[in-house]
Each structure stands twice: as C-alpha cells, then as structure tokens.
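Participant: Pasting a structure below so you can have a look.
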Amino acid sequence: MENLFNIVTLKKDFLASIIVFLIAMPLAIGISIACGLPVYSGLIAAIIGGIVVGAFSGNSLQVSGPAAGLILIIVDIIQTQGIDKLFFIIFVVGLLQITFGLFSLGKWFRAISPAIIQGMLAGIGISIFLSQFHIMLDSKPQNTFFANIADLFSVIYNSVLPFDGSQHHHAAFIGIMTIGIIVLWNNIPDKRFKLIPSALVAVIAASLMAAFWHFDIHYISLGHNFWSDVKLMNLSDFKYIFDGKILFSALIITFIASAETLLTSNAIDKMCERSKTDYNKEIIAQGIGNSLSGLVGGLPLTGVIVRSAANINAEAQTRLSTMLHGFWILLFVSFYPQLLNCIPQAALAAILVYTGFKLVDIGAAKNLYRLSKGEFLIYMITLVSILFTNLFEGILIGFGAALAKSVFKILRVNIRVEDEANRTVVKLSGNIIFLQLPQLIEVFEKLPEDKDIYVCAERLHYIDHACVDFIKDWQEAKGVKDYNVEVDWAKIRRTYPNFKWRNFHKN
C-alpha cells in the first residue's frame, strides 16, 4: 500500500511540475524583457527558484521564481546604478535573507497592513500595464508614469491609424490576440482545458501567426548556446559592499521580496490543508536562491502566487513538483533554446499587460472601503505615491499614512458625557495621554455645577500620570461642593498598574 501511495504521489507531482513549467517559462522571459535584461536572467532565476529554493523551502508546495512585482525597482536600479551593481545587490539580498532567517526574524516581514499590500500591488499593476502596453505595440516605454500616460494616445493612434500594415499594426494585432486568447481560454467552462495554461496557448498561437504572416516585429533573441550568456559575478564587485546606495537598495529588495514571499506562503496555507509554512526556513531558502542568482546574473526571487496556486490546483503532493519544474526549464534551455526565438516580444508584453491588470484587485479595494474608510485612504495613498514617485518611496509613504492613522486613533480622546436623572456620567474610553490633556480639561470644565458626577472608566485602556493627576485634583476641587463626585478609580488603577497609588485616597 505504501508503494502504491508513492507511485500515486510521484505521478501527481510529475503532472503538476509540467503545468507549472509551462506557466513559468513565458512569465520568466517576459519579466526579463520588462526589466531590460537578457532572457537568460529570468530563466536562470526560474531554474534556481525551482531546483534550489524548492529543495530548501519552508513550504513544500510554494513555487519561487522572478516576480512581476519587482520589475519597477529593478528598472530603477539599472538606470541609477547599472546592471553589474544590480547582480551584486541581489547577492547581498540573499545574504540578508539568510541572516534574518537564522535569527528567526522571518515573521516580522509579515508585519504590514493589508491596505499597503493591496495599494502596492495596484500601483505595480498600473505601472506594469502602462509600460508593457507600449512594448506590446512595439513602442518604447517612457521612464515615468506621467510620460507613459502622455505618450499613450500617440502610441495607440499609430497602432490603429492609418492602417497600412506597419510594424506597430502587426505588434498590436499579436498583442490583442494574445490577451483575447488568455481571456477566452480562462473562461472555458470545461475544467479539462484548465490543465493547459492560457498563457502558453496564447504564446504558441501568437508565434504561429507571426511566423505564418512573416510579421516584421521584435522577437526574442537567444543564441545557439543558452549558457554562453552566463555572466559570473567578479570578485572585484565585492568592493561595493561598503557602498551605502548598494546596501540601501539591497534592503529595499529584501523587504519587498520577503514580504511578498511570506504573504504568498500565508495564502497557500489557507488554500491547502497540507501546507504549513516554516517562515524562517522559507526566508533562508529564498536567501540561498537569491545569493546564487546574483552570482550567475539572475533576477531576484520571491514566492509567486500564480505559479504556486497552479501547483496546488494540479494536486501537487510534495516539493518534488516544484523542483521538477525547474529541471524541465533547465532541460529546455539547454537543448531547445532556438525555439524561444520564434516568440514575439509583443505576445510576452501582452501577458504582462494582462498580469498588470489582474494585480489591480477592484474587489479587494471595495472590501477595504466597506471595512474602513481609513484603510481605503491608506490604500489610495500608497497606490498614488507609487505612481508619482517610485515603489520604495510609495511604500514608505503608505507606511507613514498607516502609522499616522494608528497614532490618530490612539490619541483621539473618546469622552462621552451623558445626562441621567440625578447625575451626569462621564465615560472615558480608549487611551488618554498627556497630549490629550487640554481636551480632557476642556470637557471636565464644562460639566454642570448642580448635579452629581460619576466618571466611568469601564472601557478605558490606558491613562498616563498627567491625566491621572488632573482627574485627582479635579475631584478634590469639586468634592467641597454640596453634590457627590465619584471616580471609578478601581478601573483606572487597572489601566495604569505602575503608578504610585498609595498617594491617592481610596474611594
């Protein structure tokens, strides 16, 4: 029986690995091109993500590889610091992740507001959509959000009118056809069709169409020997280790890649009962993969939700499926690299246009709006900030907005004054500190002079020394009158146990 179980497991892992391989190939190539790097960089990262990270992963069903979410920051690093420094940065990212994992700090990368995550994904999605839309039409994307928007109309116009069979028209036809096939294939009700990835069907159809009509558009350019593009990191690159910009960029990628990985792990744990992530082990595995990827000129790695979900839906049982998908990519690029030269770049850009569109989760935004207007505001601030600045600055601004919201809620004085038949009740709730003392004084000074007063602290979480002192002095001053002033000191003592209560009289 055990032997039969092993055979069944092996069969399921084998079939799942084929499906993940077919999804990973076009995505790895497309992300490489979107970053302005050789196709090799994305494919070698996918191989390492499958074989190496898959072997050490803290989540046996998670698939790792190059991610669309890091495109913006990679492009920015290439433009400001150069390609050589990029790969050294990726190597350092790996070392940082290994260090964080060894010190059991993996869980801290999950300490991020869902509103910031959704805003980040939406900002990345819109940016990818606009930049890849230009490439899909065989035009060159601009460097900023504003420039891409300003240039969008002319790019679309040149791709539609006048219709004279130009390079733009052919690229537009291939791109639109690719997206159309993906959408139609994903909406076929028969589940058997889901076993074949829609992106793969679209790329094959686009390649056949472009070859049949001999379209003069841009195609993938790969030499006869895939491994001739290998660019090992030089020992001289280690001189950058004390460069502040290098370390800062490495920390940015470490934070974003690790957060994306662990959020993916969390999502997978919810999708599949067999999945239970060891977060520190997963960060170490990602670190090993990124260090190796940087050494050989590969893109940074993260856990990726689309490929991981496909792995689970294909009923993968063990980490073997993830490792095998990397092995299939390795075999393909080693023995059949020339087949990749038949793929139009417009088709790959179209896949990323569709991916960027899907990253903008309208349903998640609506849910945030229903749950909390404040959380939705953080979402919008993060989204807009990423579009108008860059990925890291946008995330920092989003963090700032989230912290400001939390501080506002903590510092907001929540005091309710209710009039009853024979007395006035003052209800304190939340947290009250010295910064709110002026508001506290204002409320207490407006209390009536001709009624008993009761200060209720049932829902009070915390009150500091300054405010306790004020309430004590206020009670003593009011106590000389002919009406009763009662303060719920028992509840207040509970919220501030370190205060020297022996100086207070007992009520």
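Here is a yes/no grid of residues against (1) in contact (Cβ under 8 Å) with a residue 40 or more places away in the chain; (2) crowded, with 19+ Cβ neighbours inside 10 Å; (3) among the aromatic types (F, W, Y):
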| residue | (1), (2), (3) |
| --- | --- |
| Y40 | yes, yes, yes |
| F56 | yes, no, yes |
| L72 | yes, yes, no |
| G82 | no, no, no |
| F87 | yes, yes, yes |
| G106 | yes, yes, no |
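Participant: Residues I217, I204, I246: which one is over 30 Å from P344 (Cβ atoms), out of contact with any Gly (no Cβ under 9 Å at 6 or more places or on another chain) and not hydroxyl-bearing (S, T, Y)? Break it down into steps so the answer makes sense when it comes.
Facilitator: Values: I217 fails: over 30 Å from P344 (Cβ atoms); I204 fails: over 30 Å from P344 (Cβ atoms).
Of I217, I204, I246, the one residue that is over 30 Å from P344 (Cβ atoms), out of contact with any Gly (no Cβ under 9 Å at 6 or more places or on another chain) and not hydroxyl-bearing (S, T, Y) is I246.
Participant: When L263 is evaluated against the numbered criteria (1) part of a helix (DSSP H, G or I); (2) surrounded by fewer than 16 Cβ atoms within 10 Å (Cβ to Cβ), which criterion, by number, is the only one it fails?
Facilitator: Just one mismatch for L263, condition (2).
Participant: Oh, and also: Specify which of the listed residues (S308, S334, S275, S291) is under 22 Å from the mean Cα position of the chain (by Cα), among the small types (G, A, S), surrounded by fewer than 24 Cβ atoms within 10 Å (Cβ to Cβ) and under 23 Å from I29 (Cα atoms). Explain how you work it out, then say what you get.
Facilitator: Details: S308 fails: surrounded by fewer than 24 Cβ atoms within 10 Å (Cβ to Cβ); S334 fails: under 22 Å from the mean Cα position of the chain (by Cα); S275 fails: under 23 Å from I29 (Cα atoms).
Among S308, S334, S275, S291, only S291 is under 22 Å from the mean Cα position of the chain (by Cα), among the small types (G, A, S), surrounded by fewer than 24 Cβ atoms within 10 Å (Cβ to Cβ) and under 23 Å from I29 (Cα atoms).
Participant: Take E393 and decide whether it is over 16 Å from I124 (Cα atoms) and out of contact with any strand residue (DSSP E or B) (no Cβ under 8 Å at 6 or more places or on another chain).
Facilitator: Numbers: over 16 Å from I124 (Cα atoms): no; out of contact with any strand residue (DSSP E or B) (no Cβ under 8 Å at 6 or more places or on another chain): yes.
Considered against the rule, which asks whether it is over 16 Å from I124 (Cα atoms) and out of contact with any strand residue (DSSP E or B) (no Cβ under 8 Å at 6 or more places or on another chain), E393 comes out as no.
Participant: Now for a separate question. Step by step: first the residues of the stretch 135-145, then only those that are in contact (Cβ under 8 Å) with a residue 60 or more places away in the chain and not charged (D, E, K, R), then the one that is surrounded by the fewest Cβ atoms within 10 Å (Cβ to Cβ). Which residue is that? First the steps, then the outcome.
Facilitator: Narrowing the stretch 135-145 to residues in contact (Cβ under 8 Å) with a residue 60 or more places away in the chain: 135-138, 143, 145.
This time we only want the ones that are not charged (D, E, K, R), so: 135-137, 143, 145.
Details: I135: 23, M136: 29, L137: 26, N143: 11, F145: 19.
In this case the residue turns out to be N143.
Participant: Can I ask one more? Could we say that I179 is in a helix (DSSP H, G or I), modelled with pLDDT of 90 or more and either assigned by TED's automatic domain parsing to the domain that holds S139 or among the hydrophobic types (A, V, I, L, M, F, W, C) (or both) here?
Facilitator: Details: in a helix (DSSP H, G or I): yes; modelled with pLDDT of 90 or more: yes; either assigned by TED's automatic domain parsing to the domain that holds S139 or among the hydrophobic types (A, V, I, L, M, F, W, C) (or both): yes.
Yes, satisfied.
Participant: Same structure again: Out of G94, G58, I need the residue that is touching a Lys or Arg at 6+ places or on another chain (Cβ under 7 Å) and within 20 Å of N280 (Cβ to Cβ). Which one?
Facilitator: Residue meeting the stated conditions: G58.
Participant: Does the stretch 389-407 contain any residue that is assigned by TED's automatic domain parsing to the domain that holds I471 and free of Cβ contacts under 8 Å to residues at least 12 places away in the same chain? Walk me through how you get there before you give the answer.
Facilitator: Let us first name the residues in the stretch 389-407 that are assigned by TED's automatic domain parsing to the domain that holds I471, namely none.
Looking through the stretch 389-407, none of the residues is assigned by TED's automatic domain parsing to the domain that holds I471 and free of Cβ contacts under 8 Å to residues at least 12 places away in the same chain.
The values are calculated or read from the model by the stated rules, or taken from the named source; none is laboratory data. Please read all numbers here as calculations on a predicted model, not as lab measurements. Reconstructed Cβ throughout: ideal geometry from the backbone, glycine too, with neighbour counts over all protein chains shown.
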